[in-house]
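**Q** Have a look at the structure that comes next, please.
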Amino acid sequence: MSESQMTDSPQVPAPDLTTQDDDSLQALGKFLMNESQGFSRPASGNASRPATDDADLFAAPAVDVVVKTDSVQQRVMAVNAAAIPLLEAAQPLLRALSEMPEAIPSPAHASVLKRTLVNEINLFSVVCDETNIPWKKMAIVRYCLCTALDEAAHATSWGLACAWSQSNLLNHFEGDNDGGNKFFLLVGRLSVNPQEYADVLEIMLRILGLGLEGRYSIIENGERQLTKIRQQLLTLLQSTRDTVPAALSPHALALRGAVKRPRYAVPVRVTALFGVLLVVGSFITCKYLLASRERAAELRIAALSEVQGFAVPPAQRLRLAVLLKEEIKQQLVSVDETSSRSKVIFHSDAMFQVGSANVRPEMMGILKRVADEIRRVNGRVAIVGHTDSLPIHKPGITDNQMLSEMRAADVANVLRTQGVPGSYIRIEGMGDRQPVSQNDDAKGRALNRRVEIFVTYK
């Protein structure tokens with residue numbers, strides 16, 4: 001395109017899809033054409049284009065692309081089989097437009113993306129040529145796709161960082177940088193002949209739907225005008241699709257003579273009467289069936305009320321007071337049972353050696369019976385160790401608090417070995433903080449040295 005055409009291109013408002021200026025040089029996309037060859041193909045080099053780091057991306061012209069691979073041949077077959085061949089050929093580029101990344105790892109990835117888009121646009125041109133799509137339509141669609149892809153890339157942070165606009169796709173393929181204005185000029189001009197350019201307008205509508213704004217991104221009420229353009233374009237395309245089909249037999253002969261009425265005709269009132277009888281009969285039948293089922297349900301409910309209730313067995317409780325009757329008489333243990341919990345107190349002098357944290361072997365039988373009862377009622381266990389106030393002097397045991405904790409832990413270990421789940425057991429050492437008697441004499445201190453087992457029901 002010449003420089004005079006680029007500088008003289010008018011800044012037009014939202015396109016009117018109902019008017020046309022036949023004298024405009026940009027009618028029907030003429031700004032994509034040169035004077036001698038019509039729509040201009042991209043040249044192998046562009047001396048006016050400034051040198052950039054991405055110049056090598058555009059080194060291979062479109063004419064170097066040939067149909068060599070099965071994938072290209074498959075695309076050609078898919079385009080030939082499609083209802084709208086031009087739209088099928090542009091699908092990869094439309095998908096690339098819709099999936100333009102918001103961020104990329106490095107500028108090198110931008111170069112790879114640009115090279116991929118250049119190759120795909122070249123391939124689009126080849127596929128259109130192989131499928132006999134008019135060059136004029138292909139060039140218009142290529143112009144619009146380059147405009148949309150450049151705008152989408154330039155709108156990202158990486159597009160600004162890698163100076164995409166200085167070596168954009170539109171400048172390479174069309175030698176133009178005014179796609180934001182001329183896209184909408186194309187919409188207005190092609191809308192004058194929607195039957196011929198319906199496939200091109202379909203693609204342009206999809207490009208608008210994917211976010212192209214062009215010149216309307218910087219003018220007041222641009223979004224509202226874009227919405228109006230999309231609606232008008234959609235209405236125009238729908239009118240071209242909803243054409244009245246041709247008659248099946250446009251030259252059919254008319255019937256001669258009057259049409260005879262059927263020999264046997266049922267009067268309307270007879271039909272209405274039959275319909276009323278059918279509705280009434282259906283209602284009565286349904287009412288009878290519903291009443292029968294209702295009666296059967298009432299009988300079943302009455303039968304259920306006659307079923308005699310059964311007593312719910314009370315929750316199981318511990319029987320430690322009975323099982324440990326002999327030990328209670330010997331004052332080795334004491335048991336206190338209520339409706340919600342049981343408490344067993346083992347006197348430390350009977351259960352442990354003086355200053356020791358290990359249970360006496362002769363007490364294992366008692367603990368086994370206690371463990372069996374705990375498992376039977378599925379109870380939760382809290383084991384609390386207590387000592388007197390006299391200081392302890394034994395290697396490995398620093399104070400009474402440690403001794404009480406070690407004794408509670410050893411009792412818990414015995415219960416676990418007898419089958420009580422470890423998650424049901426909690427241990428605690430109180431040291432000499434909760435005495436039950438004075439620590440002034442031996443008898444009182446003996447009462448304070450104890451291990452308490454609390455069992456609560458689940």
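The values are calculated or read from the model by the stated rules, or taken from the named source; none is laboratory data. For clarity, every value in this text was computed on a predicted model and none was experimentally measured. A quick note on method: Cβ atoms are made from the backbone with ideal geometry, for glycine too, and the neighbour counts reach across all protein chains shown.
**Q** Looking only at region 128-185, filter to residues that are of a type in the set (K, R) and touching a residue at least 60 places away in the same chain (Cβ under 8 Å); which one of those is nearest to R215 (Cα to Cα)?
**A** K182
**Q** Any chance you could count how many residues in region 331-366 are among the small types (G, A, S), buried (at least 16 other Cβ atoms within 10 Å of the Cβ) and in contact with a helix residue (DSSP H, G or I) (Cβ under 8 Å, 6 or more places away or on another chain)?
**A** Number of matching residues: 5.
**Q** If you don't mind, another one. Among the candidates C162, C128, single out the residue that is modelled with pLDDT of 90 or more and not charged (D, E, K, R).
**A** C128
**Q** So, S125, is that one surrounded by fewer than 20 Cβ atoms within 10 Å (Cβ to Cβ) and polar (S, T, N, Q) or not?
**A** The answer is no for S125.
**Q** Go through V451, V420 for me and flag whichever is under 47 Å from the mean Cα position of the chain (by Cα) and not basic (K, R).
**A** Step by step, each of V451, V420 is checked, and only V420 is under 47 Å from the mean Cα position of the chain (by Cα) and not basic (K, R).
**Q** State yes or no: is L403 more than 30 Å from S339 (Cβ to Cβ), at pLDDT below 85 and not in a loop (DSSP other than H, G, I, E, B)?
**A** For L403, the condition - more than 30 Å from S339 (Cβ to Cβ), at pLDDT below 85 and not in a loop (DSSP other than H, G, I, E, B) - is met.
**Q** Exactly one of (1) surrounded by fewer than 17 Cβ atoms within 10 Å (Cβ to Cβ); (2) more than 28 Å from the chain's Cα centre (by Cα); (3) under 20 Å from A161 (Cβ atoms); (4) of a type outside the set (V, I, T) is unmet by A110. Its number?
**A** Unmet for A110, out of (1) surrounded by fewer than 17 Cβ atoms within 10 Å (Cβ to Cβ); (2) more than 28 Å from the chain's Cα centre (by Cα); (3) under 20 Å from A161 (Cβ atoms); (4) of a type outside the set (V, I, T): (1).
**Q** I'm checking my understanding of the structure. Among residues of region 425-458 that are part of a loop (DSSP other than H, G, I, E, B) and hydroxyl-bearing (S, T, Y), which one is modelled with the highest pLDDT?
**A** S437
**Q** So if I check each of V333, V377, V381, V354, which one is without any contact (Cβ under 8 Å) to a residue 60 or more places away in the chain, within 21 Å of T456 (Cα to Cα) and hydrophobic (A, V, I, L, M, F, W, C)?
**A** Just one listed residue meets the conditions, V333.
**Q** Going by what's in this entry, would L212 be described as assigned by TED's automatic domain parsing to the domain that holds R95, in contact with a Phe, Trp or Tyr (Cβ under 9 Å, 6 or more places away or on another chain) and either outside any helix (DSSP H, G or I) or modelled with pLDDT of 90 or more (or both)?
**A** When the stated conditions are applied, L212 passes them.
**Q** Could you please tell me which pairs satisfy a Cβ distance under 6 Å, a separation of 6+ or placement on different chains, a first residue in region 407-427 that is surrounded by 19 or more Cβ atoms within 10 Å (Cβ to Cβ), and a second residue that is in a loop (DSSP other than H, G, I, E, B)?
**A** Between residues of region 407-427 that are surrounded by 19 or more Cβ atoms within 10 Å (Cβ to Cβ) and residues that are in a loop (DSSP other than H, G, I, E, B), the close pairs are R407/A357; D410/A357; D410/N358.
**Q** Can you give me the number of residues within region 428-453 that are more than 24 Å from R380 (Cα to Cα), surrounded by 18 or more Cβ atoms within 10 Å (Cβ to Cβ) and in contact with an Asp or Glu (Cβ under 7 Å, 6 or more places away or on another chain)?
**A** Adding up the residues that qualify gives 3.
**Q** Could you identify the single residue in E196, E223 that is surrounded by fewer than 18 Cβ atoms within 10 Å (Cβ to Cβ) and over 34 Å from the mean Cα position of the chain (by Cα)?
**A** Being surrounded by fewer than 18 Cβ atoms within 10 Å (Cβ to Cβ) and over 34 Å from the mean Cα position of the chain (by Cα) holds for just one of E196, E223, which is E196.
**Q** Moving on to the next point. So which of P101, P92 ends up being modelled with pLDDT of 90 or more and assigned to a helix (DSSP H, G or I)?
**A** Answer to the check: P92.
**Q** Can you pull out the residues in region 118-150 that are closer than 18 Å to A78 by Cβ and of a type in the set (S, T, Y)?
**A** S125, T131 - these are the residues of region 118-150 that are closer than 18 Å to A78 by Cβ and of a type in the set (S, T, Y).
**Q** Looking at (1) buried (at least 23 other Cβ atoms within 10 Å of the Cβ); (2) under 20 Å from D150 (Cα atoms); (3) among the hydrophobic types (A, V, I, L, M, F, W, C), which is the only condition L210 fails?
**A** (1)
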